[in-house]
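Peer 1: The structure under discussion is supplied below as structure tokens; questions concerning it will follow.
The values are calculated or read from the model by the stated rules, or taken from the named source; none is laboratory data. Keep in mind the model is a prediction, meaning the values are calculated, not measured. As a convention, Cβ positions derive from the backbone with ideal geometry for all residues, glycine included, and neighbour counts pool all protein chains shown. Accessible surface areas use protein heavy atoms only, side chains included; no ligands, DNA or RNA. Shrake-Rupley method; radii C 1.70, N 1.55, O 1.52, S 1.80 Å.
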Amino acid sequence: MSLRARVEELPWYHVMELPGGVTTPGVDDPRDRLGLLELPDDMSGLTVLDVGAWDGFFSFECERRGAARVVAADWFAWKQAARGDKRSFELAREAFGSQVEDVEVRVEELSPERVGTFDLVLFVGVLYHVRDPIRALDAVASVTGGTLVLETHVDLTLRRRPAAAFYPGTELAGDHTNWWGPNAAAVEGMLRAAGLNDVRKVFPRSRAYELARAARRRSQQGRAVFHARRRSEA
Ligand SMILES: C[S@@+](CC[C@H](N)C(=O)[O-])C[C@H]1O[C@@H](n2cnc3c(N)ncnc32)[C@H](O)[C@@H]1O
């Protein structure tokens, strides 16, 4: 069976260009978000953990940039048929001839004993899906040897004090797996509480952008990206 036919048989989250001119019919095109993450162009020698990898777009991208080792981790999208299908990730890996490893683990269960530690940890589009974000960030921080790249939905963006909107039902995008909309100050505070005390917001960079975004959308919701690491003591 051709790659195209095999792709068409599976559910896809990510739009991905596979070799041979086959594009996966995903519901999410991650290519726009990629630039916002400010990943290094050259990842030679780096070990990478992609937490909540789903079909693996960001894992394969890190491998393409030369990472020495990439591990894709997920649970719901691979284990619960209603959400996704791990065979999509596996087919993409085969199509790319990729060495990306996979581990089925819940965010909350990440630990150095379970998965090791990594130079770069991607936590992209996952924070607002977890019921207990502080516990999740503790676990993610425990496997972060270098830099954590965190991308998330944010809410209450006009408030400077740490705050988070709570979505007990389907308030956010009709998805009952969306629980929290922290603002940037809350994300930064949680990262520091998890021991990653050197935190930089890389998107959006300016308050003016945030104000303009809120005015344009008449909403305090948006996305934000942070880089966080442990500050080495002088
Ligand atoms: C919105 S998708 C983001 C996928 C990908 N990282 C991206 O940004 O395109 C959320 C992902 O997080 C995973 N996820 C959510 N909660 C999780 C948890 N507690 N443990 C492991 N994975 C989780 C889902 O299975 C899904 O793959």
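Peer 1: Residues that are farther than 27 Å from E17 by Cα: which helices (runs of 4 or more DSSP H) entirely in region 46-161 hold 3 or more of them? Quick ask: steps written out before the conclusion?
Peer 2: Numbers: elements: 57-64, 76-79, 86-96, 112-115, 133-142.
Hits in region 46-161: 112-115, 133-142.
Peer 1: Which one of these does M1 not meet: (1) farther than 19 Å from L148 by Cβ; (2) within 16 Å of the ligand (Cβ to nearest atom)?
Peer 2: (2)
Peer 1: What tally of residues in region 119-140 results from selecting those that are within 27 Å of R207 (Cβ to Cβ) and more than 14 Å from the chain's Cα centre (by Cα)?
Peer 2: The number of residues fulfilling the criteria is 1.
Peer 1: Out of everything in region 9-27 that is part of a loop (DSSP other than H, G, I, E, B), more than 29 Å from P204 (Cβ to Cβ) and without any contact (Cβ under 8 Å) to a residue 40 or more places away in the chain, what residue ends up being farthest from the ligand (Cβ to nearest atom)?
Peer 2: Across region 9-27, the extreme among qualifying residues is G21.
Peer 1: Here is a further query. Before we move on, is R160 more than 12 Å from the ligand (Cβ to nearest atom) and modelled with pLDDT under 95?
Peer 2: Details: more than 12 Å from the ligand (Cβ to nearest atom): yes; modelled with pLDDT under 95: yes.
So R160 passes the test.
Peer 1: For region 63-91, how many residues are away from the ligand (no atom under 13 Å from the Cβ), more than 18 Å from the chain's Cα centre (by Cα) and under 19 Å from T24 (Cβ atoms)?
Peer 2: Matching residues across region 63-91 total 3.
Peer 1: Out of region 46-62, which residues are of a type in the set (S, T, N, Q) and within 16 Å of the ligand (Cβ to nearest atom)? Spell out the reasoning first.
Peer 2: Here is the first cut: in region 46-62, the ones of a type in the set (S, T, N, Q) are 47, 59.
Across region 46-62, the qualifying residue is only S59.
Peer 1: Hey, could you check region 104-139 for residues that are of a type in the set (V, I, T) and in contact with a Leu (Cβ under 8 Å, 6 or more places away or on another chain) and say which is surrounded by the fewest Cβ atoms within 10 Å (Cβ to Cβ)? Please lay out each step first, then the result.
Peer 2: Step one: filter region 104-139 for residues of a type in the set (V, I, T), giving 105, 107, 115, 117, 121, 124, 126, 130, 134.
Adding the requirement that they be in contact with a Leu (Cβ under 8 Å, 6 or more places away or on another chain) leaves 115, 121, 124.
Working: V115: 19, V121: 27, V124: 22.
So, considering only residues that are of a type in the set (V, I, T) and in contact with a Leu (Cβ under 8 Å, 6 or more places away or on another chain), the one surrounded by the fewest Cβ atoms within 10 Å (Cβ to Cβ) is V115.
Peer 1: What's the number of the only condition in (1) over 22 Å from A228 (Cα atoms); (2) modelled with pLDDT of 95 or more that Q80 fails to meet?
Peer 2: (2) is the only condition that Q80 fails.
Peer 1: Okay, next question. Residue check, V199 against (1) within 23 Å of F76 (Cα to Cα); (2) more than 16 Å from the ligand (Cβ to nearest atom); (3) of a type in the set (V, I, T), all met but one. Which one?
Peer 2: The number of the failed condition is (1).
Peer 1: So which residues in region 163-182 are in a loop (DSSP other than H, G, I, E, B), at pLDDT 95 or above and under 17 Å from the mean Cα position of the chain (by Cα), if there are any at all?
Peer 2: Scanning region 163-182 gives N178, W179.
Peer 1: Might you let me know whether region 134-155 holds any residue that is closer than 30 Å to R6 by Cα, more than 14 Å from the ligand (Cβ to nearest atom), modelled with pLDDT of 95 or more and not hydrophobic (A, V, I, L, M, F, W, C)? Walk me through how you get there before you give the answer.
Peer 2: Pass one, region 134-155, residues closer than 30 Å to R6 by Cα: none.
Scanning region 134-155, I find no residue that is closer than 30 Å to R6 by Cα, more than 14 Å from the ligand (Cβ to nearest atom), modelled with pLDDT of 95 or more and not hydrophobic (A, V, I, L, M, F, W, C), so the answer is no.
Condition check ((1) more than 21 Å from D132 (Cα to Cα); (2) surrounded by 14 or more Cβ atoms within 10 Å (Cβ to Cβ); (3) in contact (Cβ under 8 Å) with a residue 40 or more places away in the chain) across all residues:
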residue: T170; (1), (2), (3): no, no, no
residue: V187; (1), (2), (3): no, yes, yes
residue: L196; (1), (2), (3): no, yes, yes
residue: S206; (1), (2), (3): yes, no, no
residue: R223; (1), (2), (3): no, yes, yes
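Peer 1: Considering only residues that are near the ligand (Cβ under 10 Å from one of its atoms), assigned to a loop (DSSP other than H, G, I, E, B) and open to solvent by 10 Å² or more (accessible area, probe 1.4 Å), which ones fall in region 28-45? Outline the logic, then answer.
Peer 2: Applying the first criterion (near the ligand (Cβ under 10 Å from one of its atoms)) to region 28-45 yields 28-30, 33-34, 37.
If we keep only those that are assigned to a loop (DSSP other than H, G, I, E, B) as well, we get 29-30, 37.
The answer is D29, and nothing else.
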